[in-house]
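Contents: one structure, followed by commentary.
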Amino acid sequence: MRAAFRGYRLLKPNPGAVALLALLCVHGVAAAQAIKVVTADRLLDVRTGRLVERPQVVVQGDRIVSVGYVGDAVPAGAVRVDLQGMTLLPGLIDMHVHLDSDPSYGGYTGLQFSDRFWSVLMVPNAQKTLMAGFTTVRNVGSDAWNDVGLRQAIDAGKLVGPRVVTAGYSFGATGGHCDSTYFPPSMDEKSPFNADGPDEARRAVRTLRKYGAQVIKICATGGVFSRNTEPGQQQLSFDEMKAIADDAHMMGLKVAAHAHGAAGIKEAIRAGIDTIEHASLIDDEGIALAKKHGTWLSMDIYNTDYTQAEGAKNGVLEDNLRKDREIAEVQRQGFRRAHAAGAKMIYGTDAGVYPHGDNGKQFAVMVRYGMTPTEAIRAATVDAAQALGREDVGAIEAGRYADLVAVPGDPTRDVRLLESVPFVMKGGDVVKNTR
């Protein structure tokens, strides 16, 4: 063991270095060869908003071992990753994506493809998302268990992509936003998980968990991109949503509710739902309820820029574009009011409604509508991790996954730097370095 430390001198007491020495004592010289030391000009401490000068992050395998300063002692032979001129941040988290959706096809245009076309598209969509700096995503609804298969392939090392928290199918009431609403009765198209009544809702939760759901996604109200529903219409009752929340929580799962309308938002919060998706028509009472219950709001306030510019040429029906126009600015003003009131907010973009890989474009819109750049970054890092109930992502801290991104300059002054991320590390592996 002594030979492994030839030429190695501990310059000063350092808790991270002590932890590293203990790790080496357990794993021996081979462990030292697996160590990476990442240095940069700055590191954003997302908990405090403080920029740390000349940081040094020591990575062992897929985890962070210590966070210190350039000049702190490290074992001989460690691989150095020097990000001169860059600011380090935790890997970003998008809490609302649909990786098997492609906005190029709207309305009925997607019917030209086989069902498995969408499964295949998940692969490049996941890669684009990771290359954009989003090392963790929550996929809140897909078809045919596509997201579960994708997660398993990524976790097995067969594909490159972010950590995927999977919902499997999203579900709601018969004829609601989560149902199949584009076809005539003769085609008998329907969601396999329509739930009408508390008992059917509980069965849906249990079946989804059985086959790989890690979060439950429901549709509490109508939506923008379904037919024969309006965003403001409540479509699940309080009793149905409470049954869903109670069963999911009993099994250790959190619940996300698609909810545009004010009444549906408030009933979902009262029922114990963990995150409200979209929250487009939230009123002051709903904001107060969210604060009281500690419910997270995930408001996708960027994507309308894309849908209004490109939707018609992609085949989106005019009625859907009409609904999108009607709620766009109302949602953004609701975001402003919710933030000003101190509601808990997380970063969710609805990627798939706009192109995957453009996830970072929402940061600037969040700042335009009231957040500081640091608050917007927190929403996509430590706050998102808290909403997921995870302590292994969302911050650059010992024991968490070595998920790191780096950008030139200072993102706390110019949050648009996060729209083009040149360096991405996931689980200790450098997956992108174009700086």
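The values are calculated or read from the model by the stated rules, or taken from the named source; none is laboratory data. Just so you know, these numbers come straight off a predicted model, no measurement behind them. Positions of Cβ are backbone-derived with ideal geometry, glycine not excepted, and every protein chain shown enters the neighbour counts. Protein only, heavy atoms only, side chains kept; ligands, DNA and RNA dropped before computing areas. Shrake-Rupley method; radii C 1.70, N 1.55, O 1.52, S 1.80 Å.
Things to note:
- Any hit, segment 178-200, residues being out of contact with any Cys (no Cβ under 9 Å at 6 or more places or on another chain) and within 30 Å of THR434 (Cβ to Cβ): no
- Test: residue in segment 116-133 that is surrounded by fewer than 16 Cβ atoms within 10 Å (Cβ to Cβ) and part of a loop (DSSP other than H, G, I, E, B): no
Condition check ((1) out of contact with any Phe, Trp or Tyr (no Cβ under 8 Å at 6 or more places or on another chain); (2) touching a residue at least 24 places away in the same chain (Cβ under 8 Å); (3) not aromatic (Phe, Trp, Tyr)) across all residues:
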{"residue": "ASP188", "(1), (2), (3)": "yes, no, yes"}
{"residue": "ALA195", "(1), (2), (3)": "no, yes, yes"}
{"residue": "ARG202", "(1), (2), (3)": "yes, yes, yes"}
{"residue": "TYR211", "(1), (2), (3)": "no, yes, no"}
{"residue": "GLN233", "(1), (2), (3)": "yes, yes, yes"}
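- Elements of type strands (runs of 3 or more DSSP E) in segment 351-435, at least 3 residues being under 16 Å from MET131 (Cα atoms), without any contact (Cβ under 8 Å) to a residue 12 or more places away in the chain and open to solvent by less than 30 Å² (accessible area, probe 1.4 Å): none
- All conditions in (1) open to solvent by 10 Å² or more (accessible area, probe 1.4 Å); (2) closer than 20 Å to MET122 by Cα hold for ASP188, with the sole exception of (2).
- A search for C-beta distances below 6 Å between a residue of segment 106-117 that is at positive phi and any residue that is not in a helix (DSSP H, G or I), counting only pairs 6+ apart in sequence or on different chains, returns GLY107/GLY315; GLY107/VAL316; GLY107/LEU317.
- Among the residues of segment 188-209, those that are within 18 Å of THR166 (Cα to Cα) and among the polar types (S, T, N, Q) comprise SER191, THR207.
- Exclusive hit being more than 14 Å from the chain's Cα centre (by Cα) and open to solvent by less than 20 Å² (accessible area, probe 1.4 Å), set LEU92, LEU83: LEU83
- Scan of segment 213-231 for residues that are free of Cβ contacts under 8 Å to residues at least 60 places away in the same chain and of a type in the set (A, V, I, L, M), ordered by number: ILE216, ILE218, ALA220
- Index of the failed condition, ARG270 passing every other in (1) closer than 22 Å to THR181 by Cβ; (2) open to solvent by 20 Å² or more (accessible area, probe 1.4 Å); (3) among the basic types (Lys, Arg): (1)
- Test result for THR349, farther than 15 Å from PRO90 by Cβ and in contact with a strand residue (DSSP E or B) (Cβ under 6 Å, 6 or more places away or on another chain): yes
- Among the residues listed as ALA268, ALA257, ALA243, the single one being touching a strand residue (DSSP E or B) at 6+ places or on another chain (Cβ under 8 Å) and part of a helix (DSSP H, G or I): ALA268
- Within the option set LYS190, LYS292, being outside any loop (DSSP other than H, G, I, E, B) and charged (D, E, K, R) holds for one residue only, LYS292.
- Subset of segment 134-156 [assigned to a loop (DSSP other than H, G, I, E, B) and either among the hydroxyl-bearing types (Ser, Thr, Tyr) or surrounded by fewer than 24 Cβ atoms within 10 Å (Cβ to Cβ) (or both)]: SER142, ASP143, ALA144, TRP145, ALA156
- Residues of segment 285-300 satisfying the condition of being touching a residue at least 40 places away in the same chain (Cβ under 8 Å) and either hydrophobic (A, V, I, L, M, F, W, C) or surrounded by 15 or more Cβ atoms within 10 Å (Cβ to Cβ) (or both): ILE287, ALA288, ALA290, LYS291, THR295, TRP296, LEU297, SER298, MET299, ASP300
- Out of ARG378, ARG336, ARG368, ARG400, one residue alone is within 19 Å of HIS96 (Cα to Cα) and among the basic types (Lys, Arg). It is ARG378.
- Residues located in segment 158-175, provided they are open to solvent by less than 20 Å² (accessible area, probe 1.4 Å), assigned to a loop (DSSP other than H, G, I, E, B) and closer than 29 Å to PHE134 by Cβ: GLY161, PRO162, ALA167, GLY168, GLY172
- Looking only at residues of segment 191-212 that are basic (Lys, Arg) and within 16 Å of LEU236 (Cβ to Cβ), we find that the one that is most open to solvent (accessible area, probe 1.4 Å) is ARG203.
- For the condition of a type outside the set (Lys, Arg) and part of a helix (DSSP H, G or I), GLU285 qualifies.
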